[in-house]
Amino acid sequence: MGGDWFSDSVPTLAGKEAIESIQGSWLIELGELAGLRKADIDAVKHFISKREDRYRVAYGKRIEHFPRRCIFFGTTNEEDFLRDVTGNRRFWVVNCKGGKSRLDFKTYLTPVIVSQLWAEAKERLAQGEPLYLAEEGLEEEARAIQDKHLEKDERSGLIGEYLERLLPKNWDGLDTYQRRNWLSDDKNAGTEERCSVCILEIWAECLGKDPNSITRRDSFELSRIMKTVKGWKPYGSTLKFKNYGNQKAYVRR
């Protein structure tokens, strides 16, 4: 399809090396999404969203401007390949069903077919077709597909059950250890729906960890999980929690 303008030789998605490697190519394949896994995800998002690159070429005397003229697409056999919870709108997932019958692209993509595809793309551009999902419902559908391919954290299910379990009326009067004991007995039945939660509460009560042992990385990972839990959202400020003081909160939608 890309012919002389295709490249699968982009070793990284950060720095001058990445910028130089995309020059002169229209279609750039990230085989097995290698660049996404090696680079910091924020750097990846920044790189693929740029409209132009500015750098000094080898032996050049000054910085030059290079407008972007390419698109990126990745291929992988993995199911869970999206790492970032918030930035996946940049990645449109297309599931390709495998099977015994395979299309021979060398036979199918004749010069006539390739020219026809490029002509149709040019015509759609001339008609003003947007480069985003403008049709109603498409963005929601794309987001649902993206969610299926997020990297999974094995604690997600456990935390989801913890948040949905009904609590006793005297829950606020219990200390951390009393809450753990109550939660550990499946025979205990509550009546009150949980309305808010904080990361430290999940760490100590759901996962049974020492509140003083939580690290910044632990907090980040649990925050990432909370962004994927259906029916919950960041409160946007702090709330006061029994046993844990003022903490950033998550509340039911």
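The values are calculated or read from the model by the stated rules, or taken from the named source; none is laboratory data. Because the structure is a prediction, the values reported are computed rather than measured. Positions of Cβ are generated from backbone atoms using ideal geometry, with glycine treated the same way; all protein chains shown enter the neighbour counts.
Of the residues that sit in the range 55-95 and are among the small types (Gly, Ala, Ser) and not in a strand (DSSP E or B), which one is surrounded by the most Cβ atoms within 10 Å (Cβ to Cβ)?
In the first step, residues of the range 55-95 are kept if they are among the small types (Gly, Ala, Ser); the result is 58, 60, 74, 87.
Okay, now just the ones that are also not in a strand (DSSP E or B), so 58, 60, 87.
Numbers: Ala58: 6, Gly60: 9, Gly87: 16.
By that ranking, first place goes to Gly87.
Report the residue count in the range 166-211 for those that are under 20 Å from Lys227 (Cα atoms) and touching a helix residue (DSSP H, G or I) at 6+ places or on another chain (Cβ under 9 Å).
Here the count works out to 12.
Just to be sure I understand, how many residues within the range 95-106 are closer than 14 Å to Met1 by Cβ and at pLDDT 85 or above?
Looking only at that region, the number is 0.
So, of the residues in the range 107-143 that are farther than 30 Å from Asp4 by Cβ, among the aliphatic types (A, V, I, L, M) and surrounded by 10 or more Cβ atoms within 10 Å (Cβ to Cβ), which turns out to be nearest to the chain's Cα centre (by Cα)?
The qualifying residue nearest to the chain's Cα centre (by Cα) is Ala142.
How many residues does the range 180-205 hold that are within 23 Å of Tyr235 (Cα to Cα) and among the basic types (Lys, Arg)? Steps first, answer last, please.
First pass over the range 180-205, keeping only residues within 23 Å of Tyr235 (Cα to Cα): 192-205.
Then keep just the ones that are among the basic types (Lys, Arg); that gives 194.
The number of residues fulfilling the criteria is 1.
May I ask you to list the residues in the range 69-97 that are touching a helix residue (DSSP H, G or I) at 6+ places or on another chain (Cβ under 8 Å) and over 30 Å from Phe220 (Cα atoms)?
Residue satisfying the conditions is Cys70 alone.
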